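Scroll down for the structure; my scribbles are underneath it.
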């Protein structure tokens, strides 16, 4: 049960990323807009660093005959289809009902599924090694902050009260615990599939970074800010590398 304690604790920490993003927006919209731009860049670097420096090498080492690159692609395509599904209904609703009726539940459903996947990813990596789980949690928490700032902003624009938006966020974050607990209790049935889950998680992270976060950098017209954001992206990947090395210096294998 010791590993379950780690999983639940770090799933809580990862979920705090989503809550923190919302709280920043509720406290100050101007600060949230400034912070989120920089966090998009840093988060993209952290996600890419975690995927290429930790998840894929670990999946490869544990893979045996499993084609981890195939499952990484499956992870990217699966996340693409999920996002496409939500966007299609959002776009359809904007042109038929004015946007409010189904946009709000779609955002909530999409965020809840995303949190569930985050929980599965955290649990799957902890089942491989505690250091790898910690690095995955960092990646989850960092990318949740700017994402939740955006989701909070949309829900507030749709007319929801701040208190209701906050409770929606808290309840949605609980899906991460559901995903983590489900993954833990199914580990005996999925033990041989852990490399697949690592590769899927890498695919999710690569898709989120390349499709959702990096395009935000390219939207920046101010060359000085674009340069800072580019540096932050590199620093994000560098952070993962440094943290992994620090963990290894304590004799723990990522």
Rounded if a/c is under 1.5, else prolate if a/b beats b/c, else oblate: with a ≥ b ≥ c from the C-alpha gyration tensor eigenvalues square-rooted, which is the stretch 1-62?
oblate
How much length is gained on full extension from residue 218 to residue 74, taking 0.36 nm per residue of separation minus their Cα-Cα distance?
49.2 nm
Taking the stretch 2-245 and dividing mean pair separation by its residue count, relative contact order in percent (alpha carbons under 8 Å, at least six apart)
46
Proxy exposure order for 218, 114 (fewest C-beta within 10 Å first) is 218, 114
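Given only helices, namely DSSP H runs of n ≥ 4 each adding -39500 (n - 2.57), what is the per-residue ellipticity at 222 nm of the chain, to the nearest 500 deg cm²/dmol?
Result for the chain, helices only: -28500 deg cm²/dmol.
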On a 0 to 90° scale, report how tilted helix 130-157 is relative to the longest principal axis of the chain, with both axes built from alpha carbons and the result rounded to the nearest 10.
10
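Checking the a/c ratio against 1.5 first, then a/b against b/c, what shape does the Cα gyration tensor give for the stretch 156-240?
Oblate.
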Compute the length gained on full extension between residue 20 and residue 241: take 0.36 nm times their separation in residues and subtract their Cα-Cα distance, giving the result in nm to one decimal.
77.1 nm
Among 48, 77, 186: highest mean-square fluctuation, GNM of the chain, C-alpha pairs under 10 Å
186
What does the extension gain come out to for residue 67 and residue 2, with contour length at 0.36 nm per residue minus their alpha carbon separation?
20.3 nm
For labels at residue 81 and residue 52 in the simple 7 Å Cα→Cβ model, what's the distance in nm?
2.7
When the chain is modelled as a GNM with alpha-carbon springs shorter than 10 Å, which of 83, 74, 35 fluctuates the most?
83
At residue 227 and residue 34, where each label point lies 7 Å from the Cα along Cα→Cβ, what is the point-to-point distance in nanometres?
2.0
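Every read-out reported here was derived from the displayed coordinates using simple, explicitly stated rules and does not represent laboratory data. Every value quoted in this text rests on a predicted model; they were computed, and no experiment measured them. As a convention, Cβ positions derive from the backbone with ideal geometry for all residues, glycine included, and neighbour counts pool all protein chains shown.
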